[in-house]
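Okay, so here's the structure we're looking at.
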Amino acid sequence: MKAFLFDLDGTLLLSDEDIFYENYFKLVSSEFSEFEPHEFVKAINEIIKEMTVQDDLRDNYHKFMDKIGSRFKRDPSEFEKRFIDFYNGKFKLLKSLTLPNRELIEKMRNLDGIKVLATNPLFPEIAIKERMKWAGLREEEFDLITFMENSHYLKPNLKYFIEIASKIKVDPVECTMIGNDPILDGACQKVGMKFVLIGDGDGYKDRIES
């Protein structure tokens, strides 16, 4: 294999994702306290669902900001600034809910080949890089890191995986995707990538081969 794509949540960075996102939405709702929390969270989830199936050529960051601005009849730039404040502040409180997957990180570091942090680009660069710190990951360890600003699709849209292969100039059949979600990450198989499901109790580390 020429390239290895690693998911972040539940893969290189472990957490109870239900608890993590429950606390994430509580914190982000408190940052936008002028909106009713349930409606604000509902809006975010509906926007993400829309973005998952859309073939809009804009990057994910501008899609999201435009949509949430339109939903709440505010200038998108207002949301941009306040989300940046959130990721520079309250977001960091979530670190205590995560744990680095040290064994898998060591396995990743020992692999020869192109390495991609192929986390679902639902978060902006500032948030992805903060979460990388929680896992003890360094930017220079990856040839590509996917985040809102440099991605145009979300998992499990097949174009997400095709876009990565195009950027790293590797045929999808020469790529292995390592992740914990058989639907979001496993969709890579439809474009010819190999998929290794982690945490399945089946010696998954031995199936990640150069």
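A few comments on the model shown:
Okay, residues lined up against (1) in contact (Cβ under 8 Å) with a residue 24 or more places away in the chain; (2) touching a Lys or Arg at 6+ places or on another chain (Cβ under 9 Å); (3) not assigned by TED's automatic domain parsing to the domain that holds Met148:
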position: Thr11; (1), (2), (3): yes, no, no
position: Ser29; (1), (2), (3): no, no, yes
position: Lys42; (1), (2), (3): no, no, yes
position: Val53; (1), (2), (3): yes, no, yes
position: Lys63; (1), (2), (3): no, no, yes
position: Glu78; (1), (2), (3): no, no, yes
position: Ile84; (1), (2), (3): yes, no, yes
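- Only one of the numbered conditions (1) under 30 Å from Asp55 (Cα atoms); (2) surrounded by fewer than 20 Cβ atoms within 10 Å (Cβ to Cβ) is not met by Asp112, and that is (1).
- Subset of segment 164-195 (residues that are surrounded by fewer than 18 Cβ atoms within 10 Å (Cβ to Cβ) and of a type in the set (D, E, K, R)): Lys167, Lys169, Asp171, Glu174, Lys190
- Pairs meeting the criteria (first residue in segment 106-120 and in the same structural domain as Ile168 (by TED's automatic domain parsing) and more than 14 Å from Leu137 (Cα to Cα), second residue assigned to a loop (DSSP other than H, G, I, E, B) and modelled with pLDDT under 95, beta carbons under 8 Å, at least 6 apart or on different chains) are Leu111/Ile208; Leu111/Ser210; Asp112/Ser210; Gly113/Met1; Gly113/Ser210.
- Highlighted here are the helices (runs of 4 or more DSSP H) found entirely within segment 92-210 that include at least 2 residues which are within 19 Å of the chain's Cα centre (by Cα) and among the β-branched types (Val, Ile, Thr): 125-135, 158-168.
- Across segment 18-41, the number of residues qualifying as assigned to a helix (DSSP H, G or I) and surrounded by 15 or more Cβ atoms within 10 Å (Cβ to Cβ) comes to 11.
- None of Tyr153, Tyr160 is in contact with a His (Cβ under 9 Å, 6 or more places away or on another chain), more than 26 Å from Gly89 (Cα to Cα) and crowded, with 21+ Cβ neighbours inside 10 Å except Tyr160.
- Scanning segment 6-30 for residues that are at pLDDT below 95 and more than 27 Å from Lys115 (Cβ to Cβ) yields one hit, Asp18.
- One residue stands out in segment 50-61 among those that are outside any loop (DSSP other than H, G, I, E, B) and surrounded by fewer than 15 Cβ atoms within 10 Å (Cβ to Cβ): the one that is modelled with the highest pLDDT, namely Glu50.
- Hey, Phe72 of a type in the set (A, V, I, L, M, F, W, C), farther than 20 Å from Asp185 by Cα and out of contact with any Phe, Trp or Tyr (no Cβ under 7 Å at 6 or more places or on another chain) or not: no
The values are calculated or read from the model by the stated rules, or taken from the named source; none is laboratory data. Only a predicted model underlies this, so the values are computations on that prediction, with no experimental measurement involved. For neighbour counting, all protein chains shown are included, and Cβ atoms are generated from backbone atoms with ideal geometry for every residue, glycine included.
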